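First the structure, in the form of structure tokens, and then the observations on it.
Quick note: the coordinates plus some simple rules give every number you see, no bench work behind them. This one's a predicted model, so the numbers in the text were calculated from it and none came from an experiment. Every residue, glycine as well, gets a Cβ built from its backbone with ideal geometry; the counts of neighbours run over all protein chains shown.
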Amino acid sequence: GTITAMAADATHLYWVETAFPDSGSIRRMPLGGGPVETFYSGSAPLGGGLAIRGGKLYVADLFSGRIVALALAGGSPQDVAITTTPKRLVTDDLNVYWISGTSIHAVPLAGGEVSTLADGPGAPTDLCVSGDDVFWTEYGGDAHGILGTVNRVSRSGGDVTVLADGVRPP
């Protein structure tokens, strides 16, 4: 399949393999090399990134909209959120953040109420969190001459700040 996301903890490298329209898998191998094993097999294509935090791996099921947490020690997946077409998820010590449509969302790592941090007119394309802020790139559309932006919002939501405007489409 196609590798769509990667993450690592102190001992293993993890990656998402998709073979659309078949279900996706998360595979892993020791950081120093060694055998590749299937860590998790999804019920549908997986995507939206891969994040590791606090002994858990977070991934999104693209068709059902489920964001799940998988304990690195094993066990059943835990639903963290149900959303619409989650893509590009990241974590910090408190939340899982993701792009869905034209919005940036957050939910506590253990699940709970989903917050919309920002709603934009364009299509977010990438996402990261640093300090007290969430950053993302946004693309206004496919028309010739449309340019993108780099944006910031507080992890708790609020006013969006455009950090860079008129950049080549991210």
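Observations
- Cα-projected label distance for A71 with D119, points at 7 Å along beta-carbon direction, nm: 3.9
- In the chain, taking the dipole from charged Cβ atoms about the Cα centre, the farthest positive-side position among I82, G158, H105 is held by I82.
- GNM result for the chain, Cα springs below 10 Å: residue of P30, P108, P124 fluctuating most strongly: P30
- Using only alpha-carbon positions in segment 1-116, the gyration tensor eigenvalues give semi-axes of 22, 16, 12 Å once each is multiplied by 5 and square-rooted (largest first).
- Between T11 and D132, the C-beta separation translates, for a Förster distance of 25 Å, into a calculated FRET efficiency of about 0.25.
- Distant-in-sequence amide contacts of H12, defined by a placed amide H-H separation under 5 Å and a gap of 5 or more residues or a different chain, comprise L31.
- The mean sequence distance of close C-alpha pairs (under 8 Å, at least 6 residues apart), as a share of the length of the chain, puts its relative contact order at 11 percent.
- Lys, Arg +1 and Asp, Glu -1 on Cβ, resulting dipole of the chain about Cα centre, debye, nearest 20: 300
- Sequence-distant contacts, meaning Cα pairs under 8 Å at least 6 residues apart, place the relative contact order of segment 58-133 at 22 percent.
- Whole-number Å³ per residue for the convex hull built on Cα positions in segment 16-58: 81
- Semi-axes of the equivalent ellipsoid for segment 78-119, Cα gyration tensor, largest first, Å: 15, 11, 9
- Kirkwood Rh, angstrom, segment 51-159 [1 / mean 1/r, Cα pairs]: 14.3
- Using every pair of distinct Cα positions in segment 102-168, the Kirkwood expression returns a hydrodynamic radius of 12.5 angstrom.
- For the pair S156 and D79, the difference between a 0.36 nm per residue extended length and the Cα-Cα distance amounts to 25.5 nm.
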